[in-house]
Amino acid sequence: MPLVAGVDSSTQSTKVEIRDLDSGEVVASTSSPHPTVTPPCSEQDPHSWWGAFEHAWQAAMSDLPDGSRVEAISVAGQQHGMVALDADDRPVHPAKLWNDTESAPDAGWLIAQLGSAEAWADAVGSVPVAAFTATKLSWLHRSLPAEWERMARVVLPHDYLTHRLTGAYTTDRGDASGTGYWSPSTGEYRWDLLAVIDAERDWSTVVPTVLGPLDVAGQWDDVAVAVGTGDNMAAALGLGLAPGDAALSVGTSGTAFTVAGSPTADPSGAVAGFADATGRFLPLVCTSNAAKVLDAIARLLGVDHAEFDRLALAAAGDADVPVLLPYFDGERTPNRPDATGLIGGLRSDVTREQLALAAVQGVACGLVDALDALRAHAEVPGRVVLTGGGAKSSALRAVLAGLLEQPLVLAGIDQAVAAGAAVQAAAVAGGDDHAAVQDRWGLGAGGGESVRGAAARVE
C-alpha cells in the first residue's frame, strides 16, 4: 500500500498523519508535545522539534499495516520563527517563535528605515510586526552581537526540519512570504531590506533557496521530501479552500484567511499579504489570542472543556455578561504587543456562566474583527470554514455563527495542517498537482456540518 506523510510542527506539538496515496484515507495519526512557551519571550530549542518528530514518527510507523510504504513526506511548520544557525548547523540562540514580542521595538525601527508602513507593504505585501522574521533578526543583531557574528544561516521552523531530513537548506514561497524580506509579487528576496539590518553580510549565503510548489527538497533514506510550507498555507491546502471562501482557524492564535489570485498590500498592517503553497496568494489576518483564552478561563473556573462550554451556553442571552478583552499575551491585530487582557462590567453577582461566556465572546469578536479586516482587502462572499483545535468548542461555534453574516461550516477534517502537508507529499509521490490530489481525496472547503448561532448578546 503506497502511503504519504504530512507533518504539522506547530507551537505546541508535532503531529504526523499518514494517508493512503490513492484514497487519502488516514492510516495513522500521532502527536508529540513541544516545550510550553509564553510571551513576551517565546523561545524553543529547535532540537526539541526534531525529537518530537522522531517520537511521533516512530509511533505512526508502528501503526502501519504490513506491506505498506511511505513514498513521500512533507513538513508544515509554525510561521515566522527565527532559527539562527552557525557554520556547523547548531543554533546560536533558541529559536524565536512567531508569538515572541521582544522584537516589537525593532518592527517600529524597520518601518522608520523605509520611511513608512506603506513602503513595506509595497515591497513585501506586509508591514513589519514583532511576529515576522525580519524583526527578530534585527533584535538578534541589536541584542546579541556575539551570536550575530556566529550566525551563518537563518531558516524558518519548517525549513529546519526539512534540512534535518534532507541536508538541504530550502523553503517555499508561502513560508518565505512571512519573513518580511521576500516579495510575493516578484517571487524574489529583497536584499535591500536585509541590508537595512546588516549591510556587511552576504545575505545570499544566509537564507534558504526558495523552491517551487511541486519541487522536491531532497531524499530521506528512500522517501521523497516535498518542499513543505507554513502552517496557514498547509491549512488552506488541507481544507481545499477555494477563492471566495474564508477560513477561521482557532488555535494558539486565531487566523482569518482566503485564497486569492493576486497579491495584497495593506499599508495598515492588518492584512498580511502572504503567498500560498500553490502559486497563488493567501491574504491573512492573525490574532495572537484565541483558544488559549478559553483554556485560561476554564482553568481559572476549575472545569474541563465540556463543562466550560456548558457554562458558557447556559448564559446565552444574559444581558449582564461582562466584556472580556482577550489580549492576554500582547496582540498582533490590532498591533498591541505589550497589551494585557481586561474584564469590564463586573458586578458582585457575576456568575461562573457569565465569565465563561465573556471569554467565548471575547475570542469570537476578535475573530470576527479579523474577518472584517480581511473583507476590506479580499473578496470572500462564500462560506466561512471553521477549523483548528478551538473549533471543538460548541460555545465558540454557536457564538461565532450568531455574529457572522455568512454561513459557517465546520471543517470536515480534524488536522487541516497535517492534511495539507500530506497533499504536498502526494503531489510529489504521484506526479499530480495539488488540485488533483484534493479532488481525489475529497478535500473541499468545509465538508462538515453547518453551525447554528446562539442567542448570545454581544455589544
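The values are calculated or read from the model by the stated rules, or taken from the named source; none is laboratory data. None of these values were measured; they are calculated from a predicted model. Cβ: placed from backbone, ideal geometry, glycine included. Neighbour counts: every protein chain shown.
D414 - would you say it is more than 22 Å from the chain's Cα centre (by Cα) and either closer than 28 Å to I73 by Cβ or not in a helix (DSSP H, G or I) (or both)? No, not satisfied.
H434 passes every criterion in (1) within 26 Å of D175 (Cα to Cα); (2) in contact with a Leu (Cβ under 8 Å, 6 or more places away or on another chain); (3) at pLDDT below 95 apart from (3). Listed by position, the strands (runs of 3 or more DSSP E) enclosed by region 145-211 that each have at least 3 residues that are buried (at least 18 other Cβ atoms within 10 Å of the Cβ) and in contact (Cβ under 8 Å) with a residue 60 or more places away in the chain are 153-155.
Within region 337-348, the residues that satisfy the criterion of being in contact (Cβ under 8 Å) with a residue 12 or more places away in the chain and either closer than 9 Å to Y327 by Cβ or exposed (fewer than 11 other Cβ atoms within 10 Å of the Cβ) (or both) are A339, T340, G341, L342, G344, R347.
If the condition is being within 20 Å of A429 (Cα to Cα) and in a strand (DSSP E or B), then region 54-104 contributes R69, V70, E71, A72, I73, S74, V75, A76.
Per the listing L367, L371, L282, the residue uniquely assigned to a strand (DSSP E or B) and closer than 21 Å to A416 by Cα is L282. Which of the following residues is among the small types (G, A, S), modelled with pLDDT of 95 or more and either under 25 Å from L282 (Cβ atoms) or in contact with a Ser or Thr (Cβ under 6 Å, 6 or more places away or on another chain) (or both): G77, G115, G108? On inspection, the qualifying residue turns out to be G77.
Table: residues versus (1) charged (D, E, K, R); (2) at pLDDT 95 or above.
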position	(1), (2)
D198	yes, yes
D215	yes, yes
V227	no, yes
A234	no, yes
G238	no, yes
D245	yes, no
S249	no, no
